[in-house]
Amino acid sequence: MTLAQPPSAPLDWQYAPSKEAPDLVRLERSYGLFIDGRFVPPLSKQKFWTVNPATEEPLAEVAEAGEKDVDKAVRAARLAFSEVWSPMPGAERAKYLFRIARMIQERSRELAVLETIDGGKPIRESRDVDLPLVAAHFFYYAGWADKLDYAFPGLRPQPLGVTGQVIPWNFPLLMLAWKVAPALAAGNTVVLKPAETTPLSALTFGALTAEAGLPPGVLNILTGAGATGAALVSHRDVDKVAFTGSTAVGKMIQRNLAGSGKKVTLELGGKGAHVIFEDAAMDQAVEGVVNGIFFNQGHVCCAGSRLFVQENIHDQFVAKLKRRLSTLRVGDPLDKNTDIGAINSAEQLERISELVAAGIEEGAGIFQPECALPTRGFWFRPTLFTGVSQSHRIAQEEIFGPVLSIMSFRTPDEAVEKANNTPYGLAAGVWTQKGSRILWMADRLNSGVVWANTYNKFDPSSPFGGYKESGFGREGGRHGLLPYLKVEGL
Ligand code: NDP
């Protein structure tokens, strides 16, 4: 920008690139399975590549665990449970968890880069949201490890045994923290399977726990695809299954485990409703909506992917939203100025593209800002649909991408009815200046979480989970301990 520019000329400037250094991460060429405190080659002898979705370059070769590997990991976890971890006093377990939390903080810059190159999310998010929350979860549950009797007074809480945990690719390390931290704090041992497209941060975490001196077998990491996950959750010596992922796979797991006596929690998909009333602080609400749907490319189970705007402010709100969308920066996830990074995989890009094509086909109006996309990698422009009706696929199905479906309403009753018109029930946001209306809405929305005048706010002390096809069980807070404990009388 030059000072001599006439006042009417549009500002024509760009941010200078500000790239985080990829060499903060030292990758192995090939990774084994993390079983019994060390990396071992897979008995299956199978391997696969994990790629950087922003460049399509292969990053490392990763082991694909077969049934024998699953069995080996579960045996290691069983032995560690009965010999070491469950007899250990809670105060001693806490020391390991505190140490792990501190090591995560010490290595957070490296782990953030790793998360970004393996998953495609902007470094701004992995650095400022994912990693601080990962450490906070370990600190939080470390604090509970010696206080379980106070968490459930008089109910004699006991650990369950070996837990089988399966997590998705959208928040690889954070989903690990949500599952591993409470399970270990409660005295259980863990076999965890990360998603096929994002295995590297979990493997690095495994190595970190060995450095922290965590006894062998307490945590085991099995990389692999869906078949590895299926073998893990159905292993007869797994006492508790914790799954986060799609509703379709969640249903399959529940069917397979019916009658097995295993304790199960499922954190599944969502189709979050963001409701904007006429009295809302409009510019703040626009920022909240942008954060709600474009954070992590919309790969968020609780993404506010359906927007309901009160009819009399609809046009003004949509105009502001379009203007804001035009300022979002799509591109290199390692650049600190990037708002929207790469789509996690070619398959997910295909699914997003298919649903967006369905939206156009069904007659909704599409808006995408002009922006140049990189030539390699998986990318999708931030997208708005207006004129969406309740029956459109884009209003009903989880897109799991940067796509917002906008609808309008006239009365609070109509807003509730439309917001609840989905098989899901994970999260919602309400924007209004009236506290009484927030409480009225929160009472009526079928949603595990309702945010008021904000969106996507997380804290380890606050429980999170769904209703209906979004699953059951809670993660976070004291509630998040319960799925990992036998508690008398509950
Ligand atoms: P999946 O449910 O397929 O994957 C979640 C995890 O389960 C992954 O580790 C996956 O392995 C594993 N898995 C797959 N099949 C089985 C099985 N039969 N038994 C046990 N574990 C299994 O979700 P996707 O990653 O394929 O994403 C598809 C859709 O799921 C998304 O479009 C989105 O709608 C939703 N989703 C919801 C998430 C949420 O947080 N609620 C998170 C991620 C996805 P692998 O990675 O090898 O397939």
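Each reported figure results from applying straightforward, stated rules to the coordinates on display, with no laboratory input. Small disclaimer: the values here were computed from a predicted structure and weren't measured. Quick reminder, even Gly has a Cβ in these numbers, built from the backbone with ideal geometry, and neighbours come from all protein chains shown.
Within the range 240-287, the set of residues being surrounded by fewer than 22 Cβ atoms within 10 Å (Cβ to Cβ) and among the acidic types (Asp, Glu) comprises 278, 279, 283, 287.
Elements of the type helices (runs of 4 or more DSSP H) sitting completely within the range 221-296 and holding at least 3 residues that are touching a Lys or Arg at 6+ places or on another chain (Cβ under 8 Å), of a type outside the set (Lys, Arg) and closer than 24 Å to residue 172 by Cβ: these cover 226-233.
Take the conditions within 16 Å of the ligand (Cβ to nearest atom) and of a type in the set (A, V, I, L, M, F, W, C) and apply them to residue 346. Does it pass? Considered against the rule, which asks whether it is within 16 Å of the ligand (Cβ to nearest atom) and of a type in the set (A, V, I, L, M, F, W, C), residue 346 comes out as yes. Highlighted here are the helices (runs of 4 or more DSSP H) found entirely within the range 111-218 that include at least 1 residues which are touching a residue at least 40 places away in the same chain (Cβ under 8 Å) and touching a His at 6+ places or on another chain (Cβ under 8 Å): 172-185.
Can you tell me which residues in the range 301-321 are more than 16 Å from the ligand (Cβ to nearest atom), surrounded by 15 or more Cβ atoms within 10 Å (Cβ to Cβ) and either touching a residue at least 40 places away in the same chain (Cβ under 8 Å) or among the polar types (S, T, N, Q) (or both)? Break it down stepwise before answering.
From the range 301-321, those more than 16 Å from the ligand (Cβ to nearest atom) are 307-321; that's our starting set.
Those left that are additionally surrounded by 15 or more Cβ atoms within 10 Å (Cβ to Cβ): 307-310, 313-314, 317-318, 320-321.
Residues satisfying the conditions are 307, 308, 309, 310, 314, 317, 318, 321.
Of the strands (runs of 3 or more DSSP E) lying entirely inside the range 397-488, those containing at least 2 residues that are buried (at least 20 other Cβ atoms within 10 Å of the Cβ) and among the polar types (S, T, N, Q) are 403-409.
Matching residues to (1) within 18 Å of the chain's Cα centre (by Cα); (2) away from the ligand (no atom under 12 Å from the Cβ):
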{"site": "166", "(1), (2)": "yes, no"}
{"site": "177", "(1), (2)": "yes, yes"}
{"site": "185", "(1), (2)": "no, yes"}
{"site": "190", "(1), (2)": "no, yes"}
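I'd like the full set of residues that are within 16 Å of the ligand (Cβ to nearest atom) and polar (S, T, N, Q), limited to the range 410-453. Scanning the range 410-453 gives 422, 447.
Evaluate the range 207-218: report whether one residue or more is surrounded by fewer than 24 Cβ atoms within 10 Å (Cβ to Cβ) and within 16 Å of the ligand (Cβ to nearest atom). No, that holds for no residue.
Restricting attention to the range 324-343, and to residues there that are in a loop (DSSP other than H, G, I, E, B) and of a type in the set (Val, Ile, Thr), which single residue is farthest from residue 114 (Cα to Cα)? Checked the range 324-343; the qualifying residue farthest from residue 114 (Cα to Cα) is 327.
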